[in-house]
1. What is the calculated FRET efficiency for residue 139 to residue 66, with r their C-beta to C-beta distance and R₀ = 30 Å, to the nearest 0.05?
2. As an exercise, take the mean of 1/r over every pair of distinct alpha carbons in the chain, invert it, and state the Kirkwood radius in angstroms.
3. What number, rounded to the nearest 500 deg cm²/dmol, is the helix-based mean residue ellipticity at 222 nm of the chain, given -39500 (n - 2.57) per DSSP H run of at least four residues and division by all its residues?
4. Give me the count of lysine pairs in the chain whose alpha carbons sit under 20 angstrom apart, restricted to pairs 8 or more positions apart or on different chains.
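Please treat every number below as a calculation from the coordinates, not as lab data. Because the structure is a prediction, the values reported are computed rather than measured. Here Cβ is always computed from backbone atoms with ideal geometry, including for glycine, and neighbour counts include all displayed protein chains.
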Amino acid sequence: MTHILEKNCAESLIRLLSRPPKIQRAGHAERFLITYIFCEALIRVVLRGYENRNATTQSQPKLYSTLRKDVIANGFRHFGIRCSPEDVDALLDTKLEKRGSKSARLLRNGIVHNWSAADENEVRERYPTLSKLMDRIIQAITEATNSQRQSMA
């Protein structure tokens, strides 16, 4: 059974989706980073909605969610976001650390935290695949959000 996103969560997703990053002139590494951050922000909104679905006025809702794959899978399933577990793994799995198959998250961490030339080169080489991966996840969240937006109207 698909559940409806809580109103604040749905509104946050609608706001984020209405202003995707503009990256036409950026290089591959820059486009990758900007798209990854956008994708992660969308996932975190879904996670907050999922983790706070039972929050009451007495309990404090979570403001920050860790990116645990099992919780992401549960949240996606709960809200009817159709995204393959393999895509989530390729995006976030910190165990995928072998050169040439690192997860997007590890590549992003290497570039952001260490200014890693090797990770930047891997992003350039794998950019078409990484870009399609993130686009699929963003599209899955967009479709679920649009579907729920129509049911809210």
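1. Computed FRET efficiency for residue 139 and residue 66 comes out at 0.80.
2. Computed over Cα pairs of the chain, the Kirkwood hydrodynamic radius comes out at 16.2 Å.
3. Result for the chain, helices only: -22000 deg cm²/dmol.
4. Taking the chain as the scope, the lysine pair count is 7.
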